[in-house]
Every structure is written in structure tokens, then in C-alpha cells.
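Peer 1: Sending over a structure as C-alpha cells; questions will come in a sec.
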Amino acid sequence: MAQVQEFVEQALQLSTVDGCVVVAEEHTETNLRWANNSLTTNGQMTSRAVTVVSVAGESAGVVTRSVSTPDELATLVKASEAAARDATPADDFAPLVEPYDTDDDWDADPATTSVDVFARFAPELGTAFKQAGKNGRLLFGFAEHQMSSTFVGSSTGLRRRFDQPNGRVELNGKSDDYTRSVWAGIHTRDFSDVALDAAIEQLNTRLDWAATSVELPAGRYETILPPGAVADLMIYAYWTASARDAEEGRNVFAGPNGTTRIGERLSTLPLTLRSDPADPRLACAPFEIVTASEGGLQSVFDNGAPVTATSWIDNGRLANLARTRSWATRTNAEPRLFIGNLMLDGKGSASLDDMVASTERGLLLTCLWYIREVDPQTLLLTGLTRDGVFLVEDGTVRGAVNNFRFNESPIDLLGRITEVGRTEYTLPREWNDYFTRTAMPPVRVPDFNMSTVSQAS
Amino acid sequence: MPDLDPSFLALPMRELADAALGRARELGVTHADFRLERIRVGWLQLRDGKLDSTSDSEDLGLAVRVIHEGAWGFAADIARTPEAARRLAEQAVATAKISRVLSDDPVTLAPEPTYPDATWVSSYEIDPFEVPESERVARLSELSERLLAADGVDHVDASLMHVLENKFYADTAGTSTTQQRVRINPNFTAVHVDRGEGKFYSMRTIGGPAGRGWEYLRGTGWDFDAEIAELPELLAEHVKSPSVTAGSYDLVIHPTNLWLTIHESIGHATELDRALGYEAAYAGTSFATFDKLNTLKYGSGVMNVTGDRTVEHGLATIGYDDEGVQTKAFDIVRAGTLVGYQLNRHMAQAKGFGRSNGCAFADSSGHIPLQRMANVSLQPDPSGPSVDELISGVQRGIYILGDRSWSIDMQRYNFQFTGQRFYRIENGRLAGQLRDVAYQATTTDFWGSLEAVGGPATYHLGGAMNCGKGQPGQVAAVSHGCPATLFRGVNVLNTVAEGGR
């Protein structure tokens, strides 16, 4: 057993209040960043965060420290207990999770990563820099690998641990005069599957497409959104999907006359939006890990509770909203805990290329960026197209179009999608600092609202 | 002024720095810096006056950054022993060796005097961590209950974030600094729900975050009691107000809204790392490219913008940056023309600026210092008009207060902002609230339409705690001051119509 598990046990032994949950995370990460065909920064970092949730009556004290000695741990437990005793009752109070059978290997050392994970990738990147330089092109981007081992221990006797690897590569290619810009993103668990050559080839194809530029005005356009852009829109909808907010009448999922929209058909297509911690490529913690309660979506009292595959939208109908155990008790409903991956499937088989080939006239996007909420009532979001808007005519890409600012609601869009392609694993562009594990299809929207033109290239 | 926290001073910072910098010297670096940082963040959230979330989180660790054979290397860890510090120096040199193979230009730094044993503490009265949580919750609860008791307020969200930041920095040139900052961000949102219609409306307080302590919630710097007293009536009027007709309007913009427009369209656009492409794949580049320095017409002649890391209560204010550079104020836009950028020592040297203006900053020991934003502020006219005088000069316009939604493109051309409150201006007078307003423009068109800046009495320092930049992502707090302002002929959208309704 490593030091971190001992810290969890020691903290629980030191606890003198009614209940205690310890969440300890050992985290290592390594990264490479580059610009203008040259590495700019890199690093490797190790960190540890121990969160002690002390429960006194129905009050909680939640304190997190980068503990490195037993004395610091004792100080942390005392601080957490003092906070619990001083606190008013928690609005999200629920009994701590009781132990249940798991296959977790509690005693194994924490998993780690290091710069060695780039042993194959880094030299390939160097080759790509040289090649890009010869072709009058510039590469920018970022590669990161993280490993988090999280240990949850409770005074109820519950013990759970999970090792979460998380890797991403973002590649941005430009012409050397900066007028053309394209992007590709890859999500990976361990970099063994990162095909840099293929990604660079995709960048080069798109930079070639951009040799012809087409100016188009603002307006509503038939638009093909690639999987990554769909992911960014769906992630925002997911973050908003609090059952409590809906039942209090204050999010887009609230209905008239005090109802919610659960059960409402959001799309006539068989769209299913779901999360599943057991998905092989997108595996995430099969139990709840929460170091601070979050506005009706997640509660520290739910730490360690099992999370299982959940459909949020089922065959076009809104099926579930995220519901903490506390709110579930208060509403006589089953808890639906927030899960760290998101998948949309519409039983489509067309690839992105197939959808381009079947387009008479429309826009093909690369990604969306700077997405922000404009109107919570409709979940109207604004943002920009970025790194490649392409005009498609008669099944062929004609050239690159100027960028646009869009104003659209993902919930409204679900009802207007006319074609859904094949679901694939994808990296969201906008939110991949926070949420990387997604699988989405490309979709066709007949009237995407490109509100104004952006001069950015 | 408060003292440096003894519990931070008790950490063996000099011993660790000597170990790390000594080992780095042995390994042949041309520069090494060491940071020991402790960032403590308090968070409270109340729903309808009841405690919904509480946390007290501290990050404590050390970092070594080196320039070895012309390449950067960086490593960070949490173990606070001399052995670990030496190991970090070795790791940093090892990563520099990887960098060197993949980088072109050797890194050199702009010169900077050394500041041995310098200390600096921000201007505040009471560290919120010294206030018992029960007292902090009680204050949030009291203000929440006042809102809940008012007609038309169905729900209240209250939150409070506060930060105590301690930084120790030492480098191989001989500078060592120990610094401490406090900042606070209280917010209250009143929500009206029409259950029958399935609609909801909200309005948030507009004071925003400040480089102050707990005194901020007791009336120093902002009067939350007065604002809470007004909020229900303002929300009720908002609920009943007509939807805006999209089109071109003159805008009188209050500093509580304009600070964010300054942040996005000037602050980020004048970061030299963006202009040089270092952020091209992520935060983006800038239309204000380096070749346009001293020629780009950024805005009208009344536009004067400074970068400043010294203003009292500024969120980006500090004595020395994370490269040991003493901070200062500097011009960015003078009489409408771009005259300066925000710099770090590497870029200052590479582009011939002589010295850096002190904008290198890391959000924690785990991250590399990036060029981060100073308090970028629009200067008032010393004899400028009041808000009423600005409004009196508008026939058909909108008066905007408080920030809400924001978005801008990756070269900082096209932006769209909403707000907390909008008033119709008719024939020089306010004529009731409007709803569903967003203003959208291209940066230089917008600042070119700036007709008047208000006087010093209209000046307010707004800001944000959560400015994001860089990969891996870093957050920074930054303030932006400005007077009330008048812009002519700005494109206004109706957000309901934008949603296709």
C-alpha cells in the first residue's frame, strides 16, 4: 500500500465526528506545447489533493489540502471537523454511502504517467515540424497525458479506487501567412493509438481546400456539424441538466404548469444521449467522486455511490436529468448521478465524407469555439466557427468560407437535425480542458443560424 | 496593511530554493527560477438561503523552471524536501533537453535588476479565511433572505469565492520575493419563475470581484445592502419589460458592463504572446499584430488604455511578477492608437522592448508562467461628463449595466455581449427597461464609435476571477477600470429572435 491509501485510513481513524469521507487523488501529468513548428513549453507535474468531508449532524465541512506528512493530515482532519461543527445544515445532506462489493484493487500503487509516454509521439512531431516547414505550413498545438488515481474511503467502511488516464492532442495547421487555419483533435487513453501521420494528412487536405476562399454573408445555412462540434453543444446541455433546477422551473428542461420536460419528444429522430462508465474507450469512474457540491448536479454526500449507464435522451425523448441522492429523496425519485462521459447515437451509418458527398449546397464546419450561454430559458448559446468553414456544392468542397458567429440552442437543434451520421469517438474543441470523453455523430442541420460574420481566420 | 502569513513564512522556502537553484547551476543552466506557492480557495454556495456547497481548498507545491542550452524546461511537485527540490531541478533540465531538439531559437531573457528579499502584500483589511464560516454563511443567508422575502423573487442563488495567495520566488540572478494577495467574489442572483408559462427570469448583483477582503461584504468598496434592496424591484420591471427591437442604437455603457468588453477586445488582443502566435492553437491570435504597433487605429481619439499591475484593489495587482520583474503601469492605447503590448522577459528581449512590463504569471506552482493580463483599463476624461450627461446626448439608445453573456472570436474581431439590465433611452432620458438585448460588433469599429468617456466620478473597477488561457489551462484574476461611456450606432440583436422564436 502506498502513502496515499495510508493517508485515507489514517484520516478516517482520526475522525471524531458523525461521519467522514476522504477523497484522495494522486495526479501526474506531462505535456508538450508547440507553435510555429517549434516546441514552446513542456513539463511534468505531480500533485496530490486530499479532501476530507466531515459530517456533524446534517452539516458538512469540506477541506482539501496538498497533504505530504501525517501532521498535515491531522491538521486537515481537524480543520474539516471544525468547519462541519461550525456549519449550518447542508441543503444536499444525505446519509453516507454504505459499503458494497467491488473488484477494486485498493492496495495497488497509484498509477502514474511521465514524459516517456511521448517516446514515439515526440520524434514523430519533430519530423512533422520539418515537413511542415518545407511545405510552407506551420504547426501549433498541444499534447497532454494525465493519470489520476482517486481513492474514496468512508467511515461507513466503503473503499473505492479508480485510475483515470486521459490524453489529448490538438493540432492546428496554418499557411505561413496565417490566412488559412485548420484543426484536428484526438482523445487517447495512452498515446499508443495516436496516428499523428493521419491527422497531419487531414490537416494538409483541409489547408489545400482553403486555397480557394469564398465570402458568404450571415444567414441560415444548411450545415454539417462534425462529431467534435456536436460534442461541444451536447456537453453544455448535459452540464445544464439538473433535475432540481428543472423542477424548480429554472432551466431549459422546465415545462409549463410546474412540470418538467422529461418524457417530451425533443427529436423525431432516434437520438439517444447517454453516459456509460463501462464504455471501453471512454471508461470513467464507476462511482461518484465529488470534492465540492455543485449546484444541484453533484453532492459530496454521494461520494462512492455507484454510477451506472444512464440514458439522458432515449430515442428522441428526454428521459432523465441529473439527480443527487438528496434531491432524489426529496422528490421520491431514483438518483441519477452525473457521469464523466457522454455519447450521442442516432443509428446513422454515414461518415462525415458520405454526408459531404450527399450535400447539394451547404457548409461543413471544423469546430465551434468560445461557446457561452446567452439565454438560459431556451439554452441559447453563442460562439464562433473556427479553423475551417467549407462550402460544399454538389458533393464537393469548393473552398473555405469566412468564419461566423452563431446563435443556437442545442435543445432546439435536436428537433431540427435532418440527418445523423455514424457515431465515433471524438475530442470536443471548446470543452476539452474539462470534458474529453465523448462519442458523437456528425449531423446535418438545414438552417443553422450564422448570426454575423467574423473576420477572424 | 496586513502582515505576510506566518504559516507560509514557516515553510523552508529558502532552503528548498537553494537546493533547487544550486543543483540547476551544477547542471549548467543559464537561468533558473524556483517558486513555492500556496493558493487557498474558499467557496460557499447557498440556494434559497440554505448552504448548498462549501469547500476550503489549498494547493501547495514547488516548481523549478530552467533555461538550459537555450531551451526551457519545467518541473513541479509537492514534496517539500531539499532532495525533492534538487530532483525537480534535474527533471526540469531533462525536459529542457527534450525541448531543445524540437525548438529553433535559443531563449534569452530581458534584463531586470535584482530584488533580494523583497516583500509585498495586497491592500485589504480582513482575510476572509479569518472570518468563521458560520459568519460568512450568515451574511450570505441574511442577504438571500431579504431577496426571498420580496414579491416576485422565487429563488435566490448566492455564492462567495475568496482566495489567499502566497508566492515565494527566487532566481539564479539573486532576486527573491515573498508576496501575499487576497481577493473576493460575492454574487447574488434573484430568480422569478412563472410556473404556469414555464418561464424564468433572473438578475444578478453587479459589484463583481475585487482585490479586497471580507470588508467588501460589509460595505467597503461596494454597498451590497443597498443593491440587494433594489434588486427585487429591478427584477420585477425586467420581467414586465418589452423585448428590444433589433437594430442600430447609441449605447451608454456602465463600467459594470464595459469592463468585460475591455477585457475581451483590448486586454486579450494586446497580449504579445497571442500576437506572436504562441496561443494560436488555443486562446487564439490577435488582429493587433506586431507590425501594427504605433500605427493601428484602435479606436477614437478619446480612447486611452493602460496596463497596470499596481492599482490598489486590482485583481491582477502584485509587486513582482513570476519572473522577478517589478510591476508598473504602461500605455497600451494612446489617443486611439496602439502603442504597447503586455510582455514577459522572453518576448521583451526577442522584440527589443528592453525590459519586460511584468506580465508573466502562473496560477499555481504546477504551471509555467505565461504572459497574463495586467489590469487593462480605459482612462476617464478628467473633466468628462456624468452618466446623466452622457444619456442626455442620446436620442434613441440603450443604457446597459452589469455583465452577463460574453463571446469573442479567436482574433478578437467579432464580439457579442449581453448584460444584467437594459434601459431604453428616448430623447435624452431613460424610458424603462428592455429585455433580450445583445450588442455585437467588430472591435475596431466599436472602439472607433466611442464618442465620449465619462469623468472620474463615473469610474469603477470591475473584473473577473476566472480568466482562462494557455495549455494546460490556467486561470487568472484581473480587474478592468473604466468610466461610463457613449458609443454611437452599435448593432443590437434580439436574443429571442436569434433563438428562432
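Peer 1: Hey, for a label at residue A:333 modelled as a point 7 Å past Cα toward Cβ, could you say which residues of the range A:393-422 have their backbone N under 19 Å away?
Peer 2: Output list for this probe position: A:411.
Peer 1: I would also like to ask the following. Taking the Cα atoms only, what angle lies between the long axis of helix A:70-86 and the longest principal axis of chain A, rounded to 10 degrees?
Peer 2: So the helix axis and the longest Cα principal axis differ by about 90 degrees.
Peer 1: Along each of the three principal axes of the Cα atoms of the range A:154-195, give the extent in whole Å, ordering the values from largest to smallest.
Peer 2: Principal-axis extents of the range A:154-195 (Cα, largest first): 62, 21, 9 Å.
Peer 1: Taking the Cβ of residue A:8 as the centre, find all other residues whose Cβ is under 13 Å away and add up their charges (Lys, Arg: +1; Asp, Glu: -1).
Peer 2: Net charge around residue A:8: -2.
Peer 1: Calculate the mean, over all residues of peptide B:418-424, of how many other protein chain Cβ atoms lie within 10 angstrom of the residue's Cβ.
Peer 2: Values: counts 5, 0, 0, 0, 0, 0, 0.
The mean count of partner-chain Cβ atoms within 10 Å per residue comes to 1.
Peer 1: What is the angle, in °, between the Cα long axis of helix A:196-209 and the longest principal axis of the Cα atoms in chain A? Nearest 10 is fine, range 0 to 90.
Peer 2: 40
Peer 1: Still on this structure: Give me a single rounded figure for B:5-18: the average over its residues of other chain Cβ atoms within 10 Å of their Cβ.
Peer 2: 0
Peer 1: What is the sum of charges around residue B:455, taking Lys and Arg as +1, Asp and Glu as -1, for the other residues whose C-beta is under 12 Å from the C-beta of residue B:455?
Peer 2: -3
Peer 1: List the aspartates and glutamates whose Cα lies under 14 Å from the Cα of residue B:297, skipping any in the same chain that are fewer than 8 positions away.
Peer 2: Straight-distance partners of residue B:297: B:445.
Peer 1: If packing is taken as the average count of other Cβ atoms within 10 Å, what order do B:35-48, A:95-108, A:190-203 fall into, highest mean first?
Peer 2: The packing order, highest mean first, is B:35-48, A:190-203, A:95-108.
Peer 1: Something else about it: Return the distance in nm (one decimal) between the two label points of a simple spin-label model at residue A:127 and residue A:213, each offset 7 Å from Cα along Cα→Cβ.
Peer 2: Output for this residue pair reads 3.3 nm.
Peer 1: Something else now. How high is the FRET efficiency between residue A:18 and residue B:475 when r is their beta carbon distance and R₀ equals 35 Å, given to the nearest 0.05?
Peer 2: Here the calculated transfer efficiency is 0.50.
Peer 1: Now, a different point. At a 10 angstrom cut-off on C-beta neighbours, averaged per residue, how do the peptides B:334-342, B:312-320 rank from highest to lowest?
Peer 2: Ranking, from highest mean packing down: B:312-320, B:334-342.
Peer 1: Let me ask you something else. Averaging the inverse of every distinct alpha carbon separation and then flipping it gives the Kirkwood radius. What is it for the range A:297-366, in angstrom units?
Peer 2: Answer for the range A:297-366: a Kirkwood hydrodynamic radius of 15.3 Å.
Peer 1: So which aspartates and glutamates can residue A:130 reach, going by Cα to Cα under 15 Å and dropping same-chain residues fewer than 8 places off?
Peer 2: In chain and number order, the partners are A:176, A:197, A:201, B:104, B:105.
Peer 1: Each label point is 7 Å from the Cα along the Cα-to-Cβ direction; what then is the distance between the points at residue B:295 and residue A:119, in nm?
Peer 2: Once both label points are built, they end up 5.2 nm from each other.
Peer 1: To continue, here is another question. According to the Kirkwood expression over distinct Cα-Cα pairs, how big is the hydrodynamic radius of chain A, in Å?
Peer 2: Working: mean 1/r = 0.0421 Å⁻¹.
Kirkwood radius, chain A: 23.7 Å.
Peer 1: Any idea how far the Cα center of the range A:399-457 sits from the one of the range B:296-310, in Å?
Peer 2: One Cα centre to the other: 36 Å.
Peer 1: Against the longest alpha carbon principal axis of chain B, how many degrees, from 0 to 90 and to the nearest 10, is the axis of helix B:13-26 turned?
Peer 2: Between the helix axis and the principal axis of chain B, the angle is about 60 degrees.
Peer 1: Taking the Cβ-Cβ separation of residue B:50 and residue A:201 as r and a Förster radius of 60 Å, what is the calculated FRET efficiency to the nearest 0.05? Numbers along the way, then the final one.
Peer 2: Numbers: r = 56 Å, r/R0 = 0.93.
Using R0 = 60 Å, I get an efficiency of 0.60.
Peer 1: Turning to a different aspect of this structure: Using per-residue counts of other Cβ atoms within 10 Å, averaged over each peptide, order B:119-127, B:438-446 from highest down.
Peer 2: Highest to lowest by the protection proxy: B:438-446, B:119-127.
Peer 1: Using alpha carbon centroids, what distance separates the range B:80-146 and the range B:435-500, in Å?
Peer 2: 29
Peer 1: At R0 = 45 Å, how high is the FRET efficiency between residue A:357 and residue A:107 if r is their beta carbon distance? Nearest 0.05 is fine.
Peer 2: 0.25
Peer 1: Still on this structure, I have one more. At 0.36 nm per residue, minus the direct Cα-Cα distance, what do residue A:98 and residue A:396 gain on full extension? Give it in nm, one decimal, please.
Peer 2: 101.4 nm
Peer 1: 222 nm [θ] for chain B, helices only, -39500 (n - 2.57) per DSSP H run of 4+, per residue, to 500?
Peer 2: Value at 222 nm, helices only: -6000 deg cm²/dmol.
Peer 1: Something else about it: Please work out the C-alpha center-to-center distance from the range B:335-403 to the range A:253-275 and express it in whole Å.
Peer 2: Each part reduced to its Cα centre gives a spacing of 44 Å.
Peer 1: Hey, another quick one. Give me B:290, B:34, B:361, A:435 ranked fewest to most by other Cβ atoms within 10 Å of their Cβ, as a rough exposure proxy.
Peer 2: Values: B:290 13, B:34 29, B:361 24, A:435 19.
Listed from fewest to most nearby Cβ atoms, that is B:290, A:435, B:361, B:34.
Peer 1: Right, here's the next one. Give me the net charge of residue B:2's neighbourhood, meaning all other residues with Cβ under 15 Å from the Cβ of residue B:2; Lys, Arg count +1, Asp, Glu -1.
Peer 2: Residues near residue B:2 contribute -4 overall.
Peer 1: Right, another one. For the range B:87-134, just the Cα set please: Rg and Dmax, both in angstrom.
Peer 2: Calculated on Cα positions, Rg and Dmax stand at 20.5, 56 Å.
Peer 1: Just to be sure I understand the model, the point goes 7 Å from the Cα along the line to the Cβ. What's the resulting residue A:259 to residue A:222 distance in nm?
Peer 2: It works out to 3.5 nm between the two label points.
Peer 1: Suppose a student asked you for the relative contact order of chain A, using Cα pairs under 8 Å spaced at least 6 residues apart; what percent would you report?
Peer 2: 16
Peer 1: How large is the convex hull of the Cα atoms of the protein assembly as shown per residue, expressed in Å³ as a whole number?
Peer 2: Once divided by residue count, the hull of the protein assembly as shown is 147 Å³.
Peer 1: I would also like to ask the following. Rounded to the nearest angstrom and ordered from largest down, what semi-axes does the equivalent ellipsoid of the range B:48-168 get from its C-alpha gyration tensor (root of 5λ)? The partial results should precede the final answer.
Peer 2: Values: eigenvalues 438, 63, 51 Å².
Computed over the range B:48-168, the values are 47, 18, 16 Å.
Peer 1: Suppose only helical runs count, i.e. DSSP H with n ≥ 4. What mean residue ellipticity at 222 nm does that imply for chain A under -39500 (n - 2.57) per run, divided by all residues and rounded to the nearest 500 deg cm²/dmol?
Peer 2: About -6000 deg cm²/dmol.
Peer 1: Over the C-alpha atoms of the range A:307-457, what are the Rg and the largest Cα-to-Cα span, Dmax, in Å?
Peer 2: Calculated on Cα positions, Rg and Dmax stand at 17.4, 57 Å.
Peer 1: If you count, for every residue in B:492-498, the Cβ atoms of partner chains within 10 Å of its Cβ, what is the mean?
Peer 2: 5
Peer 1: A follow-up question, please. What does the charge dipole of chain B about its Cα centre add up to, to the nearest 20 debye, if the Cβ of each Lys and Arg holds +1 and the Cβ of each Asp and Glu holds -1? Mind dumping the intermediate values first?
Peer 2: Details: 46 positive and 64 negative charges, 215 e Å.
For this selection, approximately 1040 debye.
Peer 1: Please compute the Cα-Cα pair-distance distribution of the range B:391-433 with 5 Å bins starting at 0, giving whole percents from short to long.
Peer 2: Per 5 Å bin, starting at zero, the Cα-Cα P(r) for the range B:391-433 comes out as 6, 22, 19, 16, 16, 13, 6, 2 percent.
Where a number appears in this text, it was derived from the coordinates with a stated rule and is not lab data. Worth saying up front: this structure is predicted, and the values here are computed from it rather than measured. Virtual Cβ from ideal backbone geometry, glycine too; neighbours counted across all protein chains shown.
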